[in-house]
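Accompanying notes for the structure given below.
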Amino acid sequence: MNMPGEERLTLLRCAGCGALHVHPKVLCPKCGHEVLLEHSASGLGNIYTFTTIWVAPEAFKKQVPYEIALVQLEEGIKVTARINKKPEETMQIGKPVKFLRKNNLGYWFEL
């Protein structure tokens with residue numbers, strides 16, 4: 001499934017305390033500073049935890065089974081993402097993943 005979207009992973013860095021956050025934010029949840037600057041992320045991370053979806057909402061029923069993971073980025077923050085994998089690949093906590101895109105469905109990574 002090749003869906004259009006952003007092909008570069010960007011985060012928000014607080015101009016006050018330097019904390020990183022995912023979009024969207026209007027102020028820093030850590031210090032309350034109102035200036036958040038776009039930060040290019042490496043797009044690399046590891047699977048922190050995951051689950052396989054077998055029973056999905058109507059809009060996604062044709063896609064089951066599919067994997068959702070909490071990905072810990074190299075930058076230290078976590079994002080929830082869909083994982084693209086080949087049938088012979090297995091999900092495993094700690095396994096490295098690479099950013100593919102972000103679209104209206106969320107973040108997408110691959111093994």
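Side notes on the structure shown:
- Checklist (1) under 19 Å from Val97 (Cα atoms); (2) aromatic (Phe, Trp, Tyr); (3) over 19 Å from the mean Cα position of the chain (by Cα) applied to Trp54, failing item: (1)
- Restricting attention to segment 27-51 and to residues that are in contact with an Asp or Glu (Cβ under 9 Å, 6 or more places away or on another chain) and not in a strand (DSSP E or B), the residue that is surrounded by the most Cβ atoms within 10 Å (Cβ to Cβ) turns out to be Cys28.
- Top-ranked residue of segment 81-92 - restricted to ones that are over 18 Å from Tyr107 (Cα atoms) and of a type outside the set (D, E, K, R), ranked as farthest from the chain's Cα centre (by Cα): Pro87
Every number here is computed from the coordinates shown, using simple stated rules; none is lab data. Computed from a prediction, not measured in an experiment: that's the story for all the values here. Please note: Cβ atoms are built from the backbone with ideal geometry, for glycine as well, and neighbour counts cover all protein chains shown.
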